[in-house]
Amino acid sequence: MIKDKKILLCVTGGIAVYKAAALTSKLVQAGAKIKVILSESAEKFVTPLTFQALSRNEVFTDTFDEKNPHVIAHIDLADWADLILIAPATANTIAKIAGGIADNMITTTMLAATSPVWIAPAMNVHMYDHPAVKKNLSILAEYGYQFIEPSEGYLACGYVGRGRLEEPEKIVELIQRFFAKDERKLLTGKTVVVTAGPTREKIDPVRFISNHSTGKMGFALAEEAKKHGADVVLISGPVQIAAPAGVELVKVESADEMYNAVLKFYESADVVIKTAAVADYRPKVTYDQKVKKQAGDASIDLERTKDILFELGQRKKNQVLVGFAAETENLQEFARKKLTKKNADMIVANNVKATGAGFGTNTNIVTLFKRSGEITELPLMSKADVARKIIEEVTSLLKDMDQNGNC
């Protein structure tokens, strides 16, 4: 699956550089086209000639060493790559990229990169646990970078713990899976309906009841489903995000409008992913004119809106139904109850009070609860990466349905 794929390998200075040489060899053997950038520190461990011989390509080390007058090397490399992999990634390079510093060939290229970037940290266990490193990794997650987590074992410094660069064979396997998913288009021929954003429940012409949802998670899911070949209908409340290319966008405002729009597409849907933060209550009475303030307190009588996820669960035939649960306490208890009560196939739950999770952030920390009883806890990830994981689980549920006749 990686034959002729263009991979830019960025190697920074740590003892794990020797694994990067082995990784280069294995990727070339698998048919990938490899170009290598070495940091100045990496050259202290292995010479450029080693990587040139293994990659069968010129190795880049200096931003100002422009060998081809027709291109700017770091821009050309960034545009060339299908995937950029930094392995090993030192704490120093991670910090520079997180801070937008561009003082060498690798960090300069990163600022110009538009292709997926994977980072494989390798360092002493205490360095990896340092708050500054954790903060920088969190920043990169917000930028949408993916990580190949270091493994545990004996480190060159003599410590035993987490910090070893993942083995080259495992990294090659991860890259193969990445490109395999890209090529298989697992949702081709399927219709996926995604709800996103908040709803607004009108009080009068200038006031409404709403919530903090920005729609980022739902829009990321719609984009990921489209990448996998699905026909995507995105039903969204009022947000400030452009719809992903190729996605049918249906704009709604109130919970009732959201309910009617979802039911319109439900019968023909293969998958419904309900990320929208729909208001649970609306004013019993709305006003055509602005309500003027009066002396003293005021109160508004509220009534329940329709429970969209519950209604979908009752009407479910052969659709995969995924709901979201934004909680502030008792995450597992509430998510499991929701899974059963709503007749969903999976609930994606998160604690919106957790740092890096919840409304408005570019990252999330979620736990996936399946009807089978399987629970998958995901670490802090960009919402794009969370969307990728959820779509993987959805394709797995569809496969099970096709094989067993039910989900």
- Item | Failed item, numbered, when Glu183 is tested on (1) surrounded by fewer than 17 Cβ atoms within 10 Å (Cβ to Cβ); (2) farther than 21 Å from Lys19 by Cα; (3) at pLDDT 90 or above | (3)
- Message: Among the residues in the range 115-125, are any within 25 Å of Ile365 (Cα to Cα), of a type outside the set (D, E, K, R), in contact with a helix residue (DSSP H, G or I) (Cβ under 6 Å, 6 or more places away or on another chain) and buried (at least 19 other Cβ atoms within 10 Å of the Cβ)?
- Response: yes
- Task: Check Thr24, Thr107, Thr63, Thr90 and return the single one that is out of contact with any Asp or Glu (no Cβ under 8 Å at 6 or more places or on another chain), of a type in the set (Ser, Thr, Tyr) and surrounded by fewer than 19 Cβ atoms within 10 Å (Cβ to Cβ).
- Result: Thr63
- Query: Quick one: is Thr108 at pLDDT 95 or above, more than 30 Å from Glu327 (Cβ to Cβ) and either assigned to a strand (DSSP E or B) or touching a Ser or Thr at 6+ places or on another chain (Cβ under 7 Å) (or both)?
  - Reply: yes
- Query: Phe359 passes all but one of (1) part of a helix (DSSP H, G or I); (2) in contact with a Ser or Thr (Cβ under 6 Å, 6 or more places away or on another chain); which number fails?
  - Reply: (1)
- Answer yes if at least one residue in the range 79-92 is more than 24 Å from Glu149 (Cα to Cα) and part of a helix (DSSP H, G or I), and no otherwise. yes
- Item | strands (runs of 3 or more DSSP E) wholly inside the range 212-313 that include at least 1 residues being of a type in the set (Ser, Thr, Tyr) and either closer than 26 Å to Glu393 by Cβ or free of Cβ contacts under 8 Å to residues at least 60 places away in the same chain (or both) | 231-236
- Task: Go through the range 323-348 and count every residue that is in contact with a helix residue (DSSP H, G or I) (Cβ under 9 Å, 6 or more places away or on another chain) and either assigned to a strand (DSSP E or B) or surrounded by fewer than 18 Cβ atoms within 10 Å (Cβ to Cβ) (or both).
- Result: 9
- Query: Under 6 Å by Cβ, and 6 or more places apart or on different chains, what pairs join a residue from the range 62-86 that is without any contact (Cβ under 8 Å) to a residue 24 or more places away in the chain with one that is crowded, with 20+ Cβ neighbours inside 10 Å?
  - Reply: Glu66/Ala73
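The values are calculated or read from the model by the stated rules, or taken from the named source; none is laboratory data. Nothing here was measured: the structure is a model prediction, and the numbers come from that model. Quick reminder, even Gly has a Cβ in these numbers, built from the backbone with ideal geometry, and neighbours come from all protein chains shown.
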